[in-house]
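S.K.: The structure is given below, and queries will be raised subsequently.
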Amino acid sequence: MFLRLLYQSFLRQRRRKLLAGVAITLGMAIATAMIVVGVDVGDKMNRELRSYGSNIIVYPQEDTLDVSVGGVNLKPASEGAYLKEADLINIKHTFWAHNILGYSPMLPVSVEVEGNATPVELMGTYFAKQLKLEDDTFITGVTKTHPWWKVEGSWPADDSSSVLVGRGLADKLKVHSGDVIRVANQEAKVSGILSTGGSEEDSIVAPLSLAQSLLGRPGAVRRVYVSALTKPEDDFARRDPRSMSPDMLERWSCSPYANSIAYQIQEAVPNARAEQIRQVAQNEGVLLSRISGLMLLVTFAALGAAVLAVSAAMATTIFERRKEIGLMRSLGANNAAVVTLFLSEAGLLAVCGGTVGFLIGGFIAQRVGLAVFNSNVQVQPILFPVIVIIALMVTFLGSAASIRRALNFDPAVVLRGDAA
């Protein structure tokens, strides 16, 4: 009899049940999409934000902060204030090696350029340097850490003597891609004109080996920019590792904060000091927090709308079926039987709506991932029971007030046809 009542309820009120089911489905679809993207958004956003530059800087321990005015470095380099190029591969041998997307060593050299009255800074670096690891080849350089650099022409090879000339300096010297200029009494081919929007536009950028040769310091590096995938900074991330207990230090070191990755780089590279570029890390944290907050707000709005839709549908259903409820009560059905019937209807709607919503939400999440991050997002199967449970909670919450009202119906009054 119970199953027959349940079946007849869906058969006679197909439109109302369909509307309630659609509301649950839409709410669960949005919730699924937001949860899936939210779980994956940290890594996706970090990869996206890495396109705006490095977030860790490494320099010799002997150094203090550089003093720059108008893009000109006014601090004289102290004797021995250099890192060894051969030690930089250790950056990829740390615990967070897979989070290191790339690094760029920098070595500035002041050089005379024919046709220019004052010395020009020549910056030696990697462009797309191939480094051999144990079982892989790692390509790193400014093409990874400074992706906003634009070159009119072609990038120099890292083993060549070709150079990039900044846009401002190129206009002053009236040189173009393919020309030959004299740098420190040596001829160098201009492979491209560099546009960065920064001080590099008044400089020359060359392979690191050329800068080392001009400086007379083979294997020397002044500083290193590192681009790493990190998690947003919080209060725990800002703690001094020297003041932590061993257990706390282990937990801090096993969290991909910019500070903890810099700490391990500092331990891996001899005589080096590594720090996060704080403004970059803080901006990433703020941006990720705001995006997560927006997604949470959208999810709660969708669930709230689903609760209201279910509540309206259930209220109408209860009102239309008041005589049926009165008849059940007059035949001896207790409150538990009435509640069980309506909760079973609501539960069946929730399971169906949650299942369909999960499938639709997974599709929406994939489309969002492709549109925003140009990559697929992974829908974890464990999320399905979570969505079904949320659907049940939403449906029961929306039905509670109407079911409570149904228990207050007087059978004599509703069967007589009077207003309840």
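We did not get these values from a lab; they are worked out from the coordinates using the rules stated. Keep in mind the model is a prediction, meaning the values are calculated, not measured. So basically every Cβ, Gly included, is an ideal-geometry build from the backbone, and we count neighbours across all protein chains shown.
S.K.: Between Ser243 and Asn271, how high is the FRET efficiency from 1/(1 + (r/R0)^6) when r is the Cβ-Cβ distance and R₀ = 25 Å? Nearest 0.05.
M.R.: For Ser243 and Asn271, the calculated efficiency is 0.60.
S.K.: Under the definition of Cα pairs under 8 Å and six or more residues apart, what whole-number percent is the relative contact order of the range 55-276?
M.R.: For the range 55-276, the relative contact order is 30 percent.
S.K.: Need the full-extension length gain, Val39 to Val351, defined as separation in residues times 0.36 nm minus the C-alpha distance. One decimal, nm.
M.R.: 110.0 nm
S.K.: Grab the Cα-Cα distance for Arg404 and Ile389, subtract it from 0.36 nm times how many residues apart they are, and report the gain in nm with one decimal.
M.R.: Net length gain for the segment: 3.2 nm.
S.K.: Efficiency by 1/(1 + (r/R0)^6): what FRET value for Leu294 and Val372, r their Cβ-Cβ distance, R0 = 22 Å, to the nearest 0.05?
M.R.: E(calc), rounded to 0.05, equals 0.95.
S.K.: If each residue of separation counts as 0.36 nm, what is the full-extension length gain between Glu62 and Gln380 once their alpha-carbon separation is subtracted?
M.R.: Computed gain between Glu62 and Gln380 is 109.6 nm.
S.K.: Any number yet on Rg/Rh for the range 155-311, C-alpha, Kirkwood?
M.R.: In the range 155-311, Rg relative to Rh is 1.20.
S.K.: Given the peptides 392-398, 381-387, arrange them by the average over their residues of other C-beta atoms within 10 Å, most packed first.
M.R.: Ranked by mean Cβ neighbours within 10 Å, highest first: 392-398, 381-387.
S.K.: For the range 125-240, count all C-alpha to C-alpha pairs, find those more than 25 Å apart, and express that count as a whole percent of the total.
M.R.: Summing the P(r) tail past 25 Å for the range 125-240 gives 31 percent.
S.K.: Long-range amide H contacts for Ala220: which residues qualify at under 5 Å (H placed 1.01 Å from N, peptide plane, sequence gap of 5 or more or a different chain)?
M.R.: Amide H to amide H, under 5 Å and 5 or more residues apart or across chains, Ala220 pairs with Glu85.
S.K.: If Lys and Arg each add +1 and Asp and Glu each add -1, what is the summed charge of the other residues whose beta carbon sits under 13 Å from the beta carbon of Thr118?
M.R.: The answer is -3.
S.K.: From largest to smallest, what semi-axes in whole angstrom does the range 175-239 give when each is the square root of 5 times an eigenvalue of its alpha carbon gyration tensor?
M.R.: So the three semi-axes of the range 175-239 are 35, 18, 9 Å.
S.K.: Can I ask one more? Within the set Lys132/Lys172; Lys172/Lys231; Lys84/Lys174; Lys150/Lys231; Lys189/Lys231; Lys132/Lys189, which residue pairs have Cα atoms separated by over 32 Å?
M.R.: Listed pairs above 32 Å: Lys132/Lys172; Lys172/Lys231; Lys84/Lys174; Lys189/Lys231.
S.K.: Given R₀ = 51 Å, FRET efficiency for Phe236-Thr340 by Cβ-Cβ distance, to 0.05?
M.R.: Efficiency at R0 = 51 Å is approximately 0.60.
S.K.: Please list, ordered by chain and number, the residues whose modelled amide H lies under 5 Å from the amide H of Ser110; skip anything fewer than 5 residues away on the same chain.
M.R.: Leu122
S.K.: Amide H neighbours of Asp179 under 5 Å, at least 5 residues apart or on other chains, H built in the peptide plane: list them.
M.R.: When sequence neighbours closer than 5 places are left aside, the close amide H contacts are Val190.
S.K.: Same structure, new question: Quickly work out the Ala117-to-Leu133 label distance, labels modelled 7 Å from Cα along the C-beta direction, and quote it in nm with one decimal.
M.R.: Distance between the two pseudo-spin positions: 5.1 nm.
S.K.: Quick check on packing: order 195-204, 21-30 by the mean number of other C-beta atoms within 10 Å, highest mean leading.
M.R.: 21-30, 195-204
S.K.: Still on this structure, I have one more. Once label points are set 7 Å from the Cα along Cα→Cβ at both Ser160 and Leu308, what is their separation, rounded to one decimal in nm?
M.R.: 6.3 nm
S.K.: Let me ask something else. Along the range 23-28, what does the Karplus equation 6.51 cos²θ - 1.76 cosθ + 1.60 (θ = phi - 60°) give for ³J(HN,Hα), rounded to whole Hz, x for Gly and Pro?
M.R.: Karplus-based 3J(HN,Hα) across the range 23-28 equals 4, 5, 4, 5, x, 6 Hz.
S.K.: I need the phi-derived Karplus couplings for the range 260-277: 6.51 cos²θ - 1.76 cosθ + 1.60, θ = phi - 60°, integer Hz, Gly and Pro marked x.
M.R.: So the Karplus estimates, Gly and Pro as x, are 5, 5, 4, 4, 6, 4, 4, 6, 7, 9, x, 6, 10, 10, 10, 9, 6, 7 Hz.
S.K.: Provide the per-residue ³J(HN,Hα) series for the range 224-241, in order, calculated from phi with Karplus coefficients 6.51, -1.76, 1.60 and θ = phi - 60°, each as a whole number of Hz, with x at glycine and proline positions.
M.R.: For the range 224-241, the Karplus-derived couplings read 9, 9, 10, 10, 9, 6, 9, 9, x, 6, 10, 4, 5, 5, 7, 6, 6, x Hz, x marking Gly and Pro.
S.K.: Which value, in Å to one decimal place, does the Kirkwood hydrodynamic radius take for the range 55-276 when every pair of different Cα atoms is included?
M.R.: 18.4 Å
S.K.: What distance in nm separates the simple spin-label points at Asn185 and Glu250, each placed 7 Å from Cα in the Cβ direction?
M.R.: The two pseudo-label positions are separated by 6.1 nm.
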